[in-house]
Amino acid sequence: VQLQASGGGLVQPGGSLRLSCAASENIIGINFMAWYRQAPGKERELVAAILRTGNTNYADSARGRFTVSRDNAKNTMNLQMNSLKPEDTATYYCSAITGGQKYWGQGTQVTVSS
């Protein structure tokens, strides 16, 4: 499956962004989809995950500010990010696990700065 992330950009602290991840095939059967991020000089970290059941999981840094969702009809996964902070600056990647393999999108840059 191919994943295409979009929606990144430059936003002021306290602002919002909505990231989208478009899949090349039907996602209804994909059990695990997630957003990761990687800041310069840091390891890639899990931000939010969503299962086929709709159950979600968030990093402590994202909980309460970010909301992950999936639209099976449009084959997309979204990440609504509110109350953004400078420390949220990173390249955000979407990922999916299906057929025993993990797939990655190409990343979208999020920069939070005044």
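The values are calculated or read from the model by the stated rules, or taken from the named source; none is laboratory data. None of the values given here were measured: they were computed from a predicted structure. With ideal geometry, Cβ positions are generated from the backbone for all residues, glycine too; neighbour counts draw on all protein chains shown. Surface areas here come from the heavy atoms of the whole protein model, side chains and all, with no ligands, DNA or RNA. Shrake-Rupley method; radii C 1.70, N 1.55, O 1.52, S 1.80 Å.
Under a GNM of the chain (C-alpha, springs under 10 Å), which listed residue has the highest mean-square fluctuation: ASN78, ASN26, ASN57?
Per the Cα network of the chain with a 10 Å cutoff, ASN26 tops the list.
Considering Cα pairs under 8 angstrom that are at least six residues apart, work out the relative contact order of the chain and quote it in whole percent. Walk me through the numbers on the way to the answer.
Numbers: 284 pairs, mean separation 42.3, N = 114.
Across the chain, relative contact order equals 37 percent.
Considering only protein heavy atoms, what per residue accessible area in square angstrom results for the chain with a 1.4 angstrom probe? Present the calculation step by step, with values, prior to reporting the outcome.
Details: 5920 Å² over 114 residues.
Accessible area per residue, the chain: 52 Å².
Just to be sure I understand the model, the point goes 7 Å from the Cα along the line to the Cβ. What's the resulting ALA39 to SER114 distance in nm?
Rounded to a tenth, the inter-label distance reads 1.8 nm.
Enumerate the aspartates and glutamates that LYS74 could reach by cross-link, defined here as Cα to Cα under 13 Å, with residues fewer than 8 away along the same chain left out.
Reachable aspartates and glutamates: GLU25.
Students often forget the sequence filter, so: which lysines lie under 24 Å Cα-Cα from LYS85 once same-chain residues fewer than 8 apart are removed?
LYS42
Give me the percent of accessible area attributable to carbon and sulfur for the chain, probe 1.4 angstrom.
Details: 2670 of 5920 Å².
C and S atoms contribute 45 percent here.
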